[in-house]
Structures are given as C-alpha cells and as structure tokens.
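> I am attaching a structure below and will ask some questions about it afterwards.
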Amino acid sequence: MTESEIKKRDDEKVQDETEHMSSQVLDMLKLKGHVSKAGSSLVPCSDYPKDQKVYRARHPWSISGPSIEELRDAFDRLRSELPKNRWKIVKDGHDDSVAKNLQIVANHKEKDFSIDARLDDEDKFKPKEREGPSLIEVTIVSGCFRKL
C-alpha cells in the first residue's frame, strides 16, 4: 500500500472489530477451556517506518485445558469453518518452531483481517522451547491504518 492509500480509521473501533473477529474464531472452535484474557492493542505496522505512525490492531489469545485430542478436533473444526465464514486459508501446515506445531494462516475475504492459529502439542515441546499444557494459540491482526 502506498502512503496515500492507507486508510484513516478510529483506532478504538478497529480494536473492537479485532476483538469481535477473535470472538467469532473462538465460537468456530466450539471448545470449552481456559481462554487467556489479553485484549487487543495497537502496534506499529512493520511495513512502514515508525515515524509515519501507521498501526494495526493485534489480539493474541490462547485456549488451554482440554485434552490434546479435543484440541486437535477443534483445530480441524477451525480449518473447515474458516472458509464457511469468508476466510481464505493461505497456509495450512507446520510452523517453523522446533516442535513443528500445526499452523493455519488465513485472510478475511471482505474485511481487512488476518488470523494465525497454532496448535501447540505439549508432547512435541523440546527442552527450553516452551513449558506448559497443550493449547491453541490465536492471533488476529487488522490491516494497517492511520489514527483519525
């Protein structure tokens, strides 16, 4: 996007929309468990120099508690539900971690949002990579914008 193409948006509305998209993804998982409480935040858009003050909203969260089998089923459900909900999957495979966690990356076809979802299987963690239970990690990000 050129500098003149960057939309000016109300940052609070963008953060609210980002959290709403996250909520829809959680609904797609149809999974009960412990959901982390992090809210959305604004971060500099890495495609632009910081002095241009271009941002994106970012909402990372995770869900843990269910068994790895339940998490795998929920991840499979997400894979099938995303396209039904206007998301285009652009990556479906393994991430670059030592554990080679399952990863889905998708872009919304109409709204300016992307998702990065990963299934972290505690049985695949290598020493010092990460400790803790198996979980699904989700990060929703908005497109880049300037504050109104």
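The values are calculated or read from the model by the stated rules, or taken from the named source; none is laboratory data. Note that the coordinates shown come from a computational prediction; the quantities given were computed from them, not determined experimentally. Every residue, glycine among them, receives a Cβ derived from its backbone with ideal geometry; neighbour counts consider all protein chains shown.
> Give me the pairs, please: first residue somewhere in the range 6-17 and more than 20 Å from P49 (Cα to Cα), second residue anywhere and surrounded by 17 or more Cβ atoms within 10 Å (Cβ to Cβ), beta-carbon distance under 6 Å, and either six or more positions apart or on two chains.
Once the first residue is more than 20 Å from P49 (Cα to Cα) and sits in the range 6-17, its partners that are surrounded by 17 or more Cβ atoms within 10 Å (Cβ to Cβ) give V14/A57; V14/S142; Q15/S40; Q15/A57.
> Going by the structure shown, is G93 at pLDDT below 95 and either within 20 Å of K32 (Cα to Cα) or not in a loop (DSSP other than H, G, I, E, B) (or both)?
Numbers: at pLDDT below 95: no; either within 20 Å of K32 (Cα to Cα) or not in a loop (DSSP other than H, G, I, E, B) (or both): yes.
Here the answer is no, as G93 does not meet what is asked.
> Taking the condition of being free of Cβ contacts under 8 Å to residues at least 24 places away in the same chain, in contact with a Phe, Trp or Tyr (Cβ under 8 Å, 6 or more places away or on another chain) and not in a strand (DSSP E or B), how many residues in the range 38-64 meet it?
Our first condition is that a residue be free of Cβ contacts under 8 Å to residues at least 24 places away in the same chain; within the range 38-64, this holds for 38, 43-44, 46, 49-51.
After this cut, where a residue has to be in contact with a Phe, Trp or Tyr (Cβ under 8 Å, 6 or more places away or on another chain) as well, the list is 38, 43-44.
Narrowing further to those that are not in a strand (DSSP E or B): 38.
So the count comes out to 1.
> Return the total of residues in the range 54-93 being within 20 Å of V141 (Cα to Cα) and either surrounded by 12 or more Cβ atoms within 10 Å (Cβ to Cβ) or within 14 Å of the chain's Cα centre (by Cα) (or both).
Counting residues in the range 54-93 that are within 20 Å of V141 (Cα to Cα) and either surrounded by 12 or more Cβ atoms within 10 Å (Cβ to Cβ) or within 14 Å of the chain's Cα centre (by Cα) (or both) gives 24.
> Taking the range 67-87 on its own, how many of its residues are touching a strand residue (DSSP E or B) at 6+ places or on another chain (Cβ under 9 Å) and of a type outside the set (G, A, S)?
Number of matching residues: 12.
> Could you list all residues from the range 8-37 that are loosely packed, with under 13 Cβ neighbours inside 10 Å and either assigned to a loop (DSSP other than H, G, I, E, B) or touching a Pro at 6+ places or on another chain (Cβ under 8 Å) (or both)?
D10, K30, K32, S36, K37
> Please list, ordered by first then second residue, the pairs with beta carbon atoms under 6 Å, 6 or more apart or interchain, first in the range 74-87 and over 14 Å from Q103 (Cα atoms), second assigned to a helix (DSSP H, G or I).
E81/M28
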